[in-house]
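What follows is a short report on a single structure.
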Amino acid sequence: MKHKVGYNRLGRKASHRKSLHRNMVTSLFLEERIRTTKAKAQAVRRTAEKMITRAREDSVHNRRIVGKDIKDKAALAKLFTDVAPRFVKRPGGYTRILKLGQRTGDASEMVLLELVQGTEEVQEEKVRRRRRRREKKEQEAQELAEQEAAADEAGAEEAAAEEAAAEEPEQTPEASEDDSEQK
């Protein structure tokens, strides 16, 4: 039995499969996102994550090992200078697969294979945005509370004026006529 041993051959000979992996990984590192079938994405994901792990430490040895599979110099340079440094503190999971639905021609499950934006700068920017939003909400709440307090004070003054007016007996014109007749 061969349970959980091996990998998906993708219906190709070894040389074709190796070429497919190389081309897709190169495209992934250059574009940071590729659209492909689910089976290919899962197979290429393993290759890409191993390369990123290797590229996290920039050395001649690691460049040569990764360079065996990535023939494009621009992609290799981007991997070692841009992509891998983003994931230095990340223990794995550098890619994600997002489902897109089925392809119209043959109903194959299509996905997006993309690099995760795992930079600390991105995380710090998210924290800054949240903090700004929270401060803005607190400021708005404080202004609203001040407006309510001012309205309450104005309402209290009006109520006090009404109470004072209610305590003084008002003289109506009829009452003043009655008073003058009595005299």
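The values are calculated or read from the model by the stated rules, or taken from the named source; none is laboratory data. Bear in mind that the values here come from a model prediction, so they are computed numbers and not experimental data. Every residue, glycine among them, receives a Cβ derived from its backbone with ideal geometry; neighbour counts consider all protein chains shown.
Of the conditions (1) within 22 Å of residue 6 (Cβ to Cβ); (2) touching a strand residue (DSSP E or B) at 6+ places or on another chain (Cβ under 7 Å), residue 69 fails just one. Which one is it?
Just one mismatch for residue 69, condition (2).
Scan segment 75-121 residue by residue and report those that are in contact with a Gly (Cβ under 6 Å, 6 or more places away or on another chain) and in a loop (DSSP other than H, G, I, E, B).
87, 90
So in segment 55-102, with the set limited to residues that are β-branched (Val, Ile, Thr) and either under 20 Å from residue 30 (Cβ atoms) or at pLDDT 95 or above (or both), which one is surrounded by the most Cβ atoms within 10 Å (Cβ to Cβ)?
At the first step, the residues of segment 55-102 found to be β-branched (Val, Ile, Thr) are 60, 65-66, 70, 81, 83, 88, 95, 97.
Narrowing further to those that are either under 20 Å from residue 30 (Cβ atoms) or at pLDDT 95 or above (or both): 60, 65-66, 70, 81, 83, 95, 97.
Values: 60: 8, 65: 14, 66: 21, 70: 23, 81: 11, 83: 21, 95: 19, 97: 14.
Among residues in segment 55-102 that are β-branched (Val, Ile, Thr) and either under 20 Å from residue 30 (Cβ atoms) or at pLDDT 95 or above (or both), the one surrounded by the most Cβ atoms within 10 Å (Cβ to Cβ) is 70.
Yes or no: residue 52 surrounded by 11 or more Cβ atoms within 10 Å (Cβ to Cβ), among the aliphatic types (A, V, I, L, M), assigned by TED's automatic domain parsing to the domain that holds residue 112 and within 24 Å of the chain's Cα centre (by Cα)?
Yes.
When you scan segment 115-135, do you find a residue that is of a type in the set (A, V, I, L, M) and under 19 Å from residue 30 (Cβ atoms), even just one? Outline the logic, then answer.
Step one: of segment 115-135, the residues of a type in the set (A, V, I, L, M) are 115-116, 122, 127.
Still in the list and also under 19 Å from residue 30 (Cβ atoms): 115-116.
The answer is yes, given that some residue of segment 115-135 is of a type in the set (A, V, I, L, M) and under 19 Å from residue 30 (Cβ atoms).
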